[in-house]
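Peer 1: After the C-alpha cells below, expect a handful of questions from me.
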Amino acid sequence: MAAVSLLETRGLSKHFAGLRAVEGVDFTLPEGEVRALIGPNGAGKTTFVGMLCGRIAPSSGTVAFEGRDISHLPAHRRIGLGMAYTFQITSIFARLPVLENVALAARRRLKGAAVTRASLAALERVGLADRADQIAGDLSYGHQRLLEIAMGLVQAPRLLILDEPTQGLADSEIADFKALVRGLVVETTVLLIEHNMNVVMETADRITVLNFGEVLAEGTPAEIRANGAVQAAYLGTG
Amino acid sequence: MSDLRKSLVLHGGVLVLLFGLQFVLPAYHHGVVARVMVMASYAIGYNVLFGYTGLLSLGHAMFFAAGMYGMGLTVGVLGTAPALAFGVVAGALLAAVVGALALRTAGVAFMIVTLMFAQAGYLTILYFGTYTRGDEGFVIPQAQRVLGAVDLSDPANRYFAALALFALCLMVSLRLVHTSFGRVLIAIRENEERARMLGYNVFARKWAAVVISGTLSAAAGAFYGLLFGYAGASFAGVQYSIFPLLWVLLGGAGTVLGPLVGTLFMFYLIDLSSGVTSAYMLIAGVALVLLTLFAQQGLMGEVRARVWRWLP
Ligand SMILES: Nc1ncnc2c1ncn2[C@@H]1O[C@H](COP(=O)(O)OP(=O)(O)OP(=O)(O)O)[C@@H](O)[C@H]1O
Ligand SMILES: [Mg+2]
C-alpha cells in the first residue's frame, strides 16, 4: 500500500529561551492513519502540534501539508486547508449555546440550513445532541471536551489534531471515544496526543514517542510496547 | 413566534414609537429626542466594536469628528448631500487607517493607542484653527442645511432626519448580528484564540469591525453638525470618546437596543437632576454607580438575562 503522506516535517525545532522544547523533528504522517503522539510531561508534544497548525512559530524547520510547504502560512490559512485543532486546555465559547459553538466551526465551509444540520450531526456523534441548547460553559468538564471534539469533526478536516482529548472523561465516555476515533479512519487522518495508554494501544495504527523534544521511537503499538528505550523513558514509569 | 420575528417586531415597534412620538412631544422634548437619536446612532457604531467585537476604544471621538468636520468644512463648496457623504467617507478612511495600525496591539495597549490617535486628531483640529476655528468652532449657515428641498434646521424635519439616521444604524446593527460575519465578531469577543483556530482571519474581521464602527460614528457626527448647525473641537475631545462607552455600558453592551436605551437614560438623567439641584452631576454619578453595581450587563443586558433570552 503506497500511502500518500498528508503531513511532513523536516528538522522542526522550537527553543524557548534556551530550552529545547522540540528539537529537529522529522515526522511523516500518511493519509488515513490514526497516529498517537506520546511522551512524558514536558516532552514537547503540545509545542510540536502547535507548530503544525500555526499557533506556535518554529525556531527552525519546515512543515508540509499535502506536499505543499505551509511553513509560512498563518494559522487560519492552515485550518482553511483542512486541519482542525482541539486544545489541551479546553477552549470553547463558554457563554454561547452548545449548538452555536459547533455552528461557528461549521460556518466556515457551510451555509444556511446545512450549518444546523451538520452541527447537530456532529453533536450526535459525541453524544451531546440533547444538550444543543444549553450554554456551553454549563456543561461538565468532560462534556466540554466532547463539545470541542464535535467542533473539530464538523469541519470535516483532512487532519484532526486532538491534544489529550480523554482527559477528564468518565470511563464510559472513554469507551465511546475510542469507538468514535476508530470510526473516523475512513474520513480523516487523526493525530492524537494521549496519556491514557489503553486508548493509545486500542486506537492508534502507529505511535510516535517524543522525549526531551526529540523522536525517541516510532512504530506499531506492539513495537512500541516492546521497545526498551520507550519503557525506560515512559511506559516503565507510568 | 420565532426569535427572529420577535426581534423584528420589537425593533420595528421601537422605530414606530419614535416616529409617533414627534406628534405628541412638547417642543423641548422633541428637540432632546432628536439629539438622542443622533447620539444613539453614534453609540450603535461604538457598540459594533465594543459590544460585539469586544474591543474597547477610547478614541471614537475622532471618527465622530471626522464626519462632523468632513461635512462641515466642505458643505460650503460641495453642497449639502455631497458634503454629508464626504464626512462619512472621511470617517471610513480614517477608521481603515487607524484600525490597521491600532489592531497591532490588544487590550490596554489598544485603548491607549486609540486614545492617542484621537488626541492627535483633536490637536490637529486646534492646529488648523484658521479653518476650523478651534475650540470656538463654527456655525453652519442655515442656507447650507437644506437637503434637496428639506430644510433641516426646521425642528420637524430635523426630527425626521435624525430618525432616518437612527433607523438605518439600527437596521445595520440588527442585520449584522444575524450574519455569519457578526457571529464571528461575537466569537472573537468570546474567545479570540478559539476563533482563530477555527480558521477565521481574526485580524481582518476586527479591522472590518473598526471600519463599520468608525463609519457609523462618522455618519452620526456628520448628521449632528448638519442638524444642529455647529461643528466644534469639543466633539473631538476625550469626553466624546467616553460618552459612547458610558451610553453603551448603561444600555447594555452587545445588545441592539442598548445604545438607544443608554443614551436616552443618560440624557434624561442629567436633564432631570439638573432641574432639581446644581449638583446634578453628583446625582447622575450616583445613579451610574448604582447601575454598574446592580445591572452589570446594562439595562437591556439585564432584560436579556432575565426576561427575553432571544434579545439580539
Ligand atoms: N510558551 C512557552 N514558554 C516557555 N516554555 C514553554 C512554553 N511552552 C512550553 N514550554 C516548555 O516546553 C516544554 C514542552 O512543553 P509542551 O507543552 O510542548 O509539553 P507536552 O509534551 O505537551 O507536555 P504535557 O504532557 O504536560 O502536556 C516544557 O518544558 C514546557 O515547560
Ligand atoms: Mg501538552
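Peer 1: Just the residues that are within 11 Å of residue A:210 (Cα to Cα) and in contact with a helix residue (DSSP H, G or I) (Cβ under 6 Å, 6 or more places away or on another chain), please, taken from region A:9-27.
Peer 2: The answer is A:21, A:22.
Peer 1: Ok, one more. Pairs under 9 Å by beta carbon, first residue more than 16 Å from residue B:120 (Cβ to Cβ) in region B:91-102, partner among the small types (Gly, Ala, Ser) and part of a helix (DSSP H, G or I), six or more apart or different chains?
Peer 2: B:92/B:66; B:92/B:214; B:92/B:218; B:96/B:214
Peer 1: Within region B:51-79, work out how many residues are surrounded by fewer than 24 Cβ atoms within 10 Å (Cβ to Cβ) and in contact with a helix residue (DSSP H, G or I) (Cβ under 7 Å, 6 or more places away or on another chain). Before you say what the answer is, go through the steps one by one.
Peer 2: Taking region B:51-79 and keeping what is surrounded by fewer than 24 Cβ atoms within 10 Å (Cβ to Cβ), we get B:54, B:56, B:58, B:73-74, B:76-79.
Keeping just the survivors that are in contact with a helix residue (DSSP H, G or I) (Cβ under 7 Å, 6 or more places away or on another chain) gives B:54, B:56, B:58, B:73-74, B:76, B:78.
The total comes to 7.
Peer 1: What residue, among those in region A:146-168 that are among the β-branched types (Val, Ile, Thr) and part of a loop (DSSP other than H, G, I, E, B), is surrounded by the most Cβ atoms within 10 Å (Cβ to Cβ)?
Peer 2: Our first condition is that a residue be among the β-branched types (Val, Ile, Thr); within region A:146-168, this holds for A:149, A:154, A:161, A:166.
If we keep only those that are part of a loop (DSSP other than H, G, I, E, B) too, we end up with A:154, A:166.
On the way: A:154: 28, A:166: 25.
By that ranking, first place goes to A:154.
Peer 1: Go through region A:63-89 and count every residue that is surrounded by fewer than 21 Cβ atoms within 10 Å (Cβ to Cβ), of a type outside the set (A, V, I, L, M, F, W, C) and closer than 30 Å to residue A:231 by Cα.
Peer 2: 1
Peer 1: Can you pull out every residue in region B:160-186 that is of a type in the set (Phe, Trp, Tyr) and under 26 Å from residue A:76 (Cβ atoms)?
Peer 2: Just the residues of region B:160-186 that are of a type in the set (Phe, Trp, Tyr), to begin with: B:160, B:166, B:181.
Result: B:181, single match.
Peer 1: For region B:169-191, give me each residue that is at the interface with chain A (Cβ under 10 Å from one of its Cβ atoms) and either under 13 Å from residue B:47 (Cα atoms) or among the acidic types (Asp, Glu) (or both).
Peer 2: Of everything in region B:169-191, those that are at the interface with chain A (Cβ under 10 Å from one of its Cβ atoms) and either under 13 Å from residue B:47 (Cα atoms) or among the acidic types (Asp, Glu) (or both) turn out to be B:186, B:189, B:190.
Peer 1: Would region A:180-195 turn up any residue that is farther than 11 Å from residue A:34 by Cα, crowded, with 20+ Cβ neighbours inside 10 Å and more than 14 Å from the chain's Cα centre (by Cα)?
Peer 2: no
Peer 1: Within region A:28-55, work out how many residues are within 8 Å of ligand 1 (Cβ to nearest atom), touching a helix residue (DSSP H, G or I) at 6+ places or on another chain (Cβ under 8 Å) and within 14 Å of chain B (Cβ to nearest Cβ).
Peer 2: Summing the residues that are within 8 Å of ligand 1 (Cβ to nearest atom), touching a helix residue (DSSP H, G or I) at 6+ places or on another chain (Cβ under 8 Å) and within 14 Å of chain B (Cβ to nearest Cβ) in region A:28-55 gives 0.
Peer 1: How about region A:184-238: which of its residues are of a type in the set (Gly, Ala, Ser) and touching a residue at least 60 places away in the same chain (Cβ under 8 Å)? Break it down into steps so the answer makes sense when it comes.
Peer 2: Filtering region A:184-238 for residues of a type in the set (Gly, Ala, Ser) gives A:204, A:213, A:217, A:219, A:222, A:226, A:228-229, A:232-233, A:236, A:238.
Passing the criteria: A:204, A:213, A:233.
Peer 1: Give A:148, A:164, A:194 a once-over and let me know the one that is within 16 Å of ligand 2 (Cβ to nearest atom) and within 22 Å of residue B:187 (Cβ to Cβ).
Peer 2: Details: A:164 fails: within 22 Å of residue B:187 (Cβ to Cβ); A:194 fails: within 22 Å of residue B:187 (Cβ to Cβ).
Result of the check over A:148, A:164, A:194: A:148.
Peer 1: Taking the stated definitions as given, is residue A:129 away from ligand 1 (no atom under 16 Å from the Cβ) and within 14 Å of another protein chain (Cβ to nearest Cβ)?
Peer 2: Values: away from ligand 1 (no atom under 16 Å from the Cβ): yes; within 14 Å of another protein chain (Cβ to nearest Cβ): no.
Against the criterion (away from ligand 1 (no atom under 16 Å from the Cβ) and within 14 Å of another protein chain (Cβ to nearest Cβ)), residue A:129 does not qualify.
Peer 1: Considering every residue within region B:134-143, establish whether at least one is closer than 23 Å to residue B:261 by Cβ, surrounded by fewer than 22 Cβ atoms within 10 Å (Cβ to Cβ) and in contact with a helix residue (DSSP H, G or I) (Cβ under 7 Å, 6 or more places away or on another chain).
Peer 2: From region B:134-143, those closer than 23 Å to residue B:261 by Cβ are none; that's our starting set.
For region B:134-143, residues closer than 23 Å to residue B:261 by Cβ, surrounded by fewer than 22 Cβ atoms within 10 Å (Cβ to Cβ) and in contact with a helix residue (DSSP H, G or I) (Cβ under 7 Å, 6 or more places away or on another chain): absent.
Peer 1: Just to verify a result, which residue in region A:101-125, among those that are more than 7 Å from chain B (Cβ to nearest Cβ) and crowded, with 23+ Cβ neighbours inside 10 Å, is nearest to residue A:136 (Cα to Cα)? If you could, list the steps in order and put the result at the bottom.
Peer 2: Within region A:101-125, the subset more than 7 Å from chain B (Cβ to nearest Cβ) is A:101-103, A:106, A:109-125.
Narrowing the set further to residues that are crowded, with 23+ Cβ neighbours inside 10 Å leaves A:101-103, A:106, A:119, A:122-123.
Numbers: A:101: 8, A:102: 10, A:103: 13, A:106: 16, A:119: 14, A:122: 15, A:123: 12 Å.
Checked region A:101-125; the qualifying residue nearest to residue A:136 (Cα to Cα) is A:101.
Peer 1: Moving on. Collect the residues in region B:149-190 that are surrounded by fewer than 21 Cβ atoms within 10 Å (Cβ to Cβ) and not in a helix (DSSP H, G or I), keeping them in residue-number order.
Peer 2: B:149, B:150, B:151, B:153, B:154, B:179
Peer 1: Also, quick follow-up: Which count do you get for residues in region A:136-145 that are surrounded by fewer than 19 Cβ atoms within 10 Å (Cβ to Cβ) and modelled with pLDDT under 95? If you could, list the steps in order and put the result at the bottom.
Peer 2: First, pick out the residues of region A:136-145 that are surrounded by fewer than 19 Cβ atoms within 10 Å (Cβ to Cβ): A:137-138, A:140-142.
Add one more test, that the residue is modelled with pLDDT under 95, and what stays is A:140-142.
Qualifying residue count for the region: 3.
Peer 1: Okay, next question. Need a quick list: helices (runs of 4 or more DSSP H) entirely within region A:39-120 having at least 3 residues that are more than 16 Å from ligand 2 (Cβ to nearest atom).
Peer 2: On the way: elements: A:45-53, A:75-80, A:98-106.
Correct list: A:75-80, A:98-106.
Peer 1: Looking only at residues in region A:79-100 that are out of contact with any Phe, Trp or Tyr (no Cβ under 8 Å at 6 or more places or on another chain) and free of Cβ contacts under 8 Å to residues at least 40 places away in the same chain, which one is farthest from the other protein chains (Cβ to nearest Cβ)?
Peer 2: A:99
Peer 1: Determine the pairs where a residue that is on the phi > 0 side of the Ramachandran plot, located within region A:37-48, has a partner that is within 6 Å of ligand 1 (Cβ to nearest atom) with Cβ atoms under 9 Å apart, the partner being 6 or more residues away or on another chain.
Peer 2: Qualifying pairs under 9 Å: A:39/A:45; A:42/A:21; A:44/A:21.
Peer 1: Let me ask something else. Restricting to region B:227-248, name every residue that is in contact with a strand residue (DSSP E or B) (Cβ under 7 Å, 6 or more places away or on another chain) and surrounded by fewer than 21 Cβ atoms within 10 Å (Cβ to Cβ). Steps first, answer last, please.
Peer 2: Taking region B:227-248 as the starting set, the residues that turn out to be in contact with a strand residue (DSSP E or B) (Cβ under 7 Å, 6 or more places away or on another chain) are B:229-231.
If the condition is that a residue be in contact with a strand residue (DSSP E or B) (Cβ under 7 Å, 6 or more places away or on another chain) and surrounded by fewer than 21 Cβ atoms within 10 Å (Cβ to Cβ), then B:229, B:230 are the ones that fit.
Peer 1: Return the only residue of A:71, A:13 being farther than 24 Å from residue A:184 by Cα, within 14 Å of ligand 1 (Cβ to nearest atom) and either in the same structural domain as residue A:194 (by TED's automatic domain parsing) or in contact with an Asp or Glu (Cβ under 8 Å, 6 or more places away or on another chain) (or both). Break it down into steps so the answer makes sense when it comes.
Peer 2: Working: A:71 fails: within 14 Å of ligand 1 (Cβ to nearest atom).
Exactly one of A:71, A:13 is farther than 24 Å from residue A:184 by Cα, within 14 Å of ligand 1 (Cβ to nearest atom) and either in the same structural domain as residue A:194 (by TED's automatic domain parsing) or in contact with an Asp or Glu (Cβ under 8 Å, 6 or more places away or on another chain) (or both), namely A:13.
The values are calculated or read from the model by the stated rules, or taken from the named source; none is laboratory data. This one's a predicted model, so the numbers in the text were calculated from it and none came from an experiment. Cβ: placed from backbone, ideal geometry, glycine included. Neighbour counts: every protein chain shown.
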